[in-house]
Amino acid sequence: MRKRVWCDCEICQSYSESRWRIQFDNLCDWYTHLLKNSPNRTVHIHVLNNTITANPENVEYMLKTRFDNFPKGKPFSAILGDFLGRGIFNVDGSFWRFQRKMASLELARVSTRAYSFQVVSAEIQQRLIPLMASAADEIVDLQEVFRRFSFDCISRISFGLDPAQLDLSLPLSDFIASFDLASKLSAERAMATSPIVWKAKRFFNIGSERRLRRAIGTIHAVARDFIRERRKLGFSDGKDLLSRFMCSVGDDEEFLVDIIVSFLLAGRDTVASALTSFFWLVARHPEVEAAILEEAIGVDSADQVRELHYLHAVVFESMRLYPPIQFDSKFCVEDDVLPDGSFVKGGTRVTFHPYAMGRMEEIWGSDCLEFKPRRWIRDGVFVHENPFQCPIFQAGVRVCLGKELALMEIKTVAVSILRRFRIELAQPDHPPRFSPGLTATFRDGLRARIRPRSSNYTNFD
């Protein structure tokens, strides 16, 4: 089980030589193939020292039962450290507990939820809907629209600042371009069979590591501008999350920069990814679109959106098949044995794979590859029985604190767009091909034609 720089087993050779590309467009599909063909739904990639599992019992063991033995770990923190720093997604121990406690308290406030819905609704009515109306009968990249939309929303919710990026006539800002590049290059570090190469490139400041350093420099410079602007406007009474953290952290600017990067990764990339896959699937299933519209008749408030059980099921079904975070890794501290009998040596990277788990027949049945939102409905009510079978928001101790905020944003956008427009995919028969990154991104975007509907519907207030 020890890490090997070279291994002659078939799986390691396929990975090291990229032979998996002969049969699969996406690495996640190759992993799914391996896991489906493993009797216990667990495999080990020797050259990565990585045990990968799609077994729900293993996931519960890692995220709940033996949580303390499966932290993020120093090796993984080192991979993402330059990009995420001491942010909540890259730390354990006291730093993690402090940020989680602060975020939990703020996101649980009724005032925070009301403010978030106000921001999302205003962004939809004042920018998103007018933008789509102006592009009527034209083809646009919806993924790019959603990435700009979610960036504006999370910036206003988290920092109290409005970057006003939801204008396709504007070039992509250096900050967003740098953020996307840093995410891509950091993910490529994690895919390397040995850290020696990227560490050497970082030491000599060459190649991809030079580009990563420049991108992170741009990100940090803009993040510091956010902090200075927030201080100038005053933060003691601010409704945004950054203001609350500034009251507690004080002058530790480096820590505040890491918090900003984490907020953006959580609130921009994952929401945009979820919206992209949602509309790709719904556009290909008109019966699902019709059912959403029928359920949403007369809905015009956040509380009513929360009660749309079928829409909630559609969102979860789309994320079951295309989770924004396709896999998540921890590191085993001490030798352990997973519930399926797999021995894990201390120091091994252990990865659970939501993308593959969404394609396992023993979890979802023989129709696991089909888009069927009603699998989540029992007696007209949405039911999520076991979060460890579909850990799209993690589960256990590290369950995502922004889950309800993200679901509110996704569902509000979905209803607002579908009421006013019909989405026609430019290439409906082309399955997604993903770009390397910390979140799932369609490599070719989501090109679609925007068709206005004839009926008028009530706006959200």
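One table, with the values for the structure above:
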| read-out | value |
| --- | --- |
| Accessible surface of the chain, 1.4 Å probe, proportion on carbon and sulfur as whole % | 51 percent |
| Rg/Rh ratio calculated on Cα atoms of the chain (Kirkwood radius) | 0.95 |
| Relative contact order of the chain, pairs being alpha-carbon contacts under 8 Å that are 6 or more residues apart, as % | 25 percent |
| Label-point separation in nm, Ser111 to Ile377, each point 7 Å along Cα→Cβ | 3.9 nm |
| FRET efficiency, 1/(1 + (r/R0)^6) with R0 56 Å, evaluated for Ile139 and Asp68 via beta carbons | 0.65 |
| Accessible solvent surface per residue of the chain, calculated while the other protein chains remain in place, 1.4 angstrom probe, Å² | 43 Å² |
| Total formal charge among the other residues, if their Cβ is under 15 angstrom from that of Lys64, Lys/Arg +1 and Asp/Glu -1 | -2 |
| Local electrostatic count at Ala164 - Lys and Arg +1, Asp and Glu -1, tallied over other residues with Cβ under 9 Å | -2 |
| Paramagnetic reach from Gln118 (point 7 Å along Cα→Cβ, amide N under 11 Å) across segment 221-265 | 239-240 |
| Using θ = phi - 60° and Karplus 6.51 cos²θ - 1.76 cosθ + 1.60, couplings along segment 447-454 (whole Hz; Gly, Pro as x) | 7, 8, 8, 9, 10, x, 8, 7 |
| Separation of alpha-carbon centers, segment 157-214 and segment 276-331, rounded to whole Å | 29 Å |
| Flagged links, alpha-carbon separation over 26 Å, of Lys232/Lys403; Lys36/Lys345; Lys64/Lys199; Lys72/Lys411 | Lys232/Lys403; Lys64/Lys199; Lys72/Lys411 |
| Segment 6-81: relative contact order in percent, alpha carbon pairs under 8 Å with at least 6 residues between | 19 percent |
| Estimated vicinal HN-Hα couplings, Hz - segment 63-76 in sequence order (Karplus 6.51, -1.76, 1.60; Gly, Pro = x) | 8, 9, 4, 10, 3, 5, 8, 10, x, 4, x, 5, x, 6 |
| Cross-link reach list, aspartates and glutamates versus Lys101, counting only Cα pairs under 15 Å and skipping chain neighbours closer than eight places | Asp92 |
| From phi via Karplus (6.51, -1.76, 1.60), per-residue ³J(HN,Hα) for segment 104-114 in Hz, x at Gly/Pro | 4, 4, 6, 5, 7, 5, 4, 5, 5, 5, 5 |
| Mean residue ellipticity (222 nm) of the chain, computed from DSSP H runs ≥ 4 via -39,500 (n - 2.57), nearest 500 | -15500 deg cm²/dmol |
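The values are calculated or read from the model by the stated rules, or taken from the named source; none is laboratory data. Computed from a predicted model, the values in this text were never measured in an experiment. Using ideal geometry, Cβ is built from the backbone for each residue, glycine included, and neighbour counts are taken over all protein chains shown. In case anyone asks, the SASA skips ligands and DNA or RNA and just uses the protein heavy atoms, side chains included. Shrake-Rupley method; radii C 1.70, N 1.55, O 1.52, S 1.80 Å.
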